[in-house]
1. Given the structure, is LEU89 at pLDDT 95 or above, part of a helix (DSSP H, G or I), hydrophobic (A, V, I, L, M, F, W, C) and within 15 Å of PHE131 (Cβ to Cβ)?
2. Tell me, which residue of the range 1-43 that is among the aliphatic types (A, V, I, L, M) and assigned to a strand (DSSP E or B) is nearest to GLY146 (Cα to Cα)?
3. Sort out which residues of the range 58-77 are without any contact (Cβ under 8 Å) to a residue 60 or more places away in the chain, buried (at least 16 other Cβ atoms within 10 Å of the Cβ) and over 18 Å from ASP3 (Cα atoms), and write them in order of number.
4. Part of a loop (DSSP other than H, G, I, E, B) and at pLDDT 95 or above: is that true of ASP100 in this structure?
5. Being buried (at least 16 other Cβ atoms within 10 Å of the Cβ), more than 20 Å from SER87 (Cβ to Cβ) and near the ligand (Cβ under 8 Å from one of its atoms) narrows it down to one residue among ASN21, ASN47; which is it?
6. Give me the pairs: first residue in the range 13-27 and at positive phi, second residue surrounded by fewer than 17 Cβ atoms within 10 Å (Cβ to Cβ) and among the charged types (D, E, K, R), beta-carbon distance under 8 Å, and six or more apart or on different chains, which are they?
7. How about the range 128-151: which of its residues are surrounded by fewer than 18 Cβ atoms within 10 Å (Cβ to Cβ) and either over 18 Å from the mean Cα position of the chain (by Cα) or outside any helix (DSSP H, G or I) (or both)?
8. Kindly evaluate ILE102 against the criterion of being at negative phi, within 16 Å of the ligand (Cβ to nearest atom) and touching a helix residue (DSSP H, G or I) at 6+ places or on another chain (Cβ under 8 Å).
Amino acid sequence: MSDFWNERYSGADYFYGTQANEFLRSVSDMIPKGSKVLCIAEGEGRNAVFLASHSYHVTAVDSSSEGKKKALALASKMGVEIDYQLSDLVNFDFGEEKWDAIVSIFCHLSDTIRPAIHQKIEKALKPRGLFIFQSYNPKQLEFNTGGPKEITMLNTDESMRSEFSSLTWLKLENSLAEIHEGAGHQGMSSLLSGIGVKEKLAL
Ligand SMILES: C[S@@+](CC[C@H](N)C(=O)[O-])C[C@H]1O[C@@H](n2cnc3c(N)ncnc32)[C@H](O)[C@@H]1O
């Protein structure tokens with residue numbers, strides 16, 4: 001799988017551009033300034049670099065070595081530091097109650113591994129921590145504008161609710177929108193966007 005992404009990222013251009021995802025930009029102020037953020041499946045680093053340049057302490061994780069190279073080059077160009085961990089999400093140590101926010105932008109995982117990774121994300125958030133994501137939903141298969149063609153890799157609001165049983169969703173919304181992110185995401189798209197908060201359990 002990382003060969004596929006390494007090839008995608010091997011060109012001089014950034015496959016999804018260098019601007020952070022618009023949904024993330026629109027909600028990032030909800031994350032307390034200066035706090036610790038993990039960006040999963042971060043690819044060439046556009047979202048991690050954006051957050052680092054807004055005074056967050058950012059760790060990124062992805063299995064693509066080409067993605068890591070491009071991300072570190074972008075961080076250096078923008079004069080910020082990110083900690084980029086090269087790892088498959090299946091093997092990554094997310095930690096427990098470690099992150100103020102976890103960001104997942106266009107991370108589409110096979111349903112054989114996704115529920116376990118989502119459970120690790122939930123555990124890894126601090127109490128009141130935020131999970132911010134945007135992905136394609138199954139309706140995206142009607143468009144040829146980006147994302148996997150395998151329906152089981154596309155998130156639904158039902159799957160997100162059941163795989164994140166202890167998050168309270170401040171937003172969980174399907175939408176149609178025109179997006180332009182590098183060569184990789186171009187045109188009308190069917191999206192699922194969410195902001196979940198890990199509520200501290202009242203004892
Ligand atoms: C569509 S790209 C999104 C990249 C980045 N989040 C962005 O929005 O620009 C999906 C990324 O998921 C990564 N990925 C997919 N499955 C993964 C896994 N099991 N472990 C780690 N990274 C994975 C790929 O390497 C790729 O960089």
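1. No, not satisfied.
2. Checked the range 1-43; the qualifying residue nearest to GLY146 (Cα to Cα) is ILE40.
3. Result: VAL58, THR59, ALA60, LEU72, ALA75.
4. Considered against the rule, which asks whether it is part of a loop (DSSP other than H, G, I, E, B) and at pLDDT 95 or above, ASP100 comes out as no.
5. Within the list ASN21, ASN47, the selection yields ASN21.
6. Qualifying pairs under 8 Å: none.
7. ARG128, LYS139, LEU141, GLU142, PHE143, ASN144, THR145, PRO148, LYS149, GLU150, ILE151
8. So ILE102 fits the description; yes.
The values are calculated or read from the model by the stated rules, or taken from the named source; none is laboratory data. Treat the numbers as computed from the prediction; the structure is a model and nothing was measured. Cβ: placed from backbone, ideal geometry, glycine included. Neighbour counts: every protein chain shown.
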